[in-house]
1. Please pick out the residue among 10, 16, 4 that is under 29 Å from residue 162 (Cα atoms), at pLDDT below 90 and within 19 Å of the chain's Cα centre (by Cα).
2. Select from segment 60-74 the residues that are charged (D, E, K, R), modelled with pLDDT of 95 or more and part of a loop (DSSP other than H, G, I, E, B) and list them in ascending order.
3. Taking the criterion of being hydroxyl-bearing (Ser, Thr, Tyr), in a helix (DSSP H, G or I), buried (at least 19 other Cβ atoms within 10 Å of the Cβ) and free of Cβ contacts under 8 Å to residues at least 60 places away in the same chain, would at least one residue in segment 120-135 satisfy it?
4. Which one is nearest to residue 41 (Cα to Cα), of the residues in segment 86-118 that are in a loop (DSSP other than H, G, I, E, B) and open to solvent by 80 Å² or more (accessible area, probe 1.4 Å)?
5. Pick out the one residue from 144, 137 that is among the β-branched types (Val, Ile, Thr) and touching a Pro at 6+ places or on another chain (Cβ under 8 Å).
6. Could you tell me how many of the residues in segment 147-168 are open to solvent by less than 20 Å² (accessible area, probe 1.4 Å) and assigned to a loop (DSSP other than H, G, I, E, B)?
7. Looking at segment 37-57, which of its residues are modelled with pLDDT of 95 or more, in contact with a strand residue (DSSP E or B) (Cβ under 9 Å, 6 or more places away or on another chain) and outside any strand (DSSP E or B)?
8. Residue under question is residue 142, and the condition is that it be within 19 Å of residue 73 (Cα to Cα), in contact with a Cys (Cβ under 6 Å, 6 or more places away or on another chain), open to solvent by less than 30 Å² (accessible area, probe 1.4 Å) and not in a loop (DSSP other than H, G, I, E, B); does it hold?
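The values are calculated or read from the model by the stated rules, or taken from the named source; none is laboratory data. All figures in this text were calculated on a predicted structure; none of them were measured in a lab. Here Cβ is always computed from backbone atoms with ideal geometry, including for glycine, and neighbour counts include all displayed protein chains. Accessible surface areas use protein heavy atoms only, side chains included; no ligands, DNA or RNA. Shrake-Rupley method; radii C 1.70, N 1.55, O 1.52, S 1.80 Å.
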Amino acid sequence: MSRPIPPRAPVDRSDPIDRSGLRARFWEKTAFDKLSNREWEALCDGCGKCCLNKLEDEDTGEVALTRVACRLLDDATCLCSQYPIRKQFVPDCISLTADSIGDHMYWLPQTCAYRLVYEGRPLFPWHPLISGDPETVHQAGVSVRGMTYSEYEIADEDWEEHIIEEPI
């Protein structure tokens, strides 16, 4: 099933995630549990993959991403449209924290900065903390911009038809 991609408005290069005034390369020098809230939030690359609905194979535990996104994902920005109050709308939305990240590694996308830092690997050059530009994640083709369907559009039993290969 394909759908036409609507024309895009000019890109707003302002970063919706506040990355100003942070310590240089803090993710390489500071343990997760010592990061400030702003530093923790700044690790998000804005790809939107964590907001994709996933399918887990009951036998193997393998997790597959789908193009079916949480109803709160803004497909244009790849960010949650209601982030501060998301749990009011999606009570089972996972709040990734320094304490919980180990429990969620199995489903985090391969390119996720939280996963990379947790595993002791460097951030990709397209990460906004490296590039200085929140658009580079989209330009590199690793975000879900323009490729998702709302979970309201696709019946649960049809999610398998929308599995995507990781990494994208």
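1. Of the residues listed, the single one that is under 29 Å from residue 162 (Cα atoms), at pLDDT below 90 and within 19 Å of the chain's Cα centre (by Cα) is 16.
2. 71
3. no
4. Here the answer is 99.
5. The match here is 137.
6. The number of residues fulfilling the criteria is 2.
7. Answer for segment 37-57, where residues must be modelled with pLDDT of 95 or more, in contact with a strand residue (DSSP E or B) (Cβ under 9 Å, 6 or more places away or on another chain) and outside any strand (DSSP E or B): 44, 46, 48, 49, 51.
8. Spelling it out, it is not the case that residue 142 is within 19 Å of residue 73 (Cα to Cα), in contact with a Cys (Cβ under 6 Å, 6 or more places away or on another chain), open to solvent by less than 30 Å² (accessible area, probe 1.4 Å) and not in a loop (DSSP other than H, G, I, E, B).
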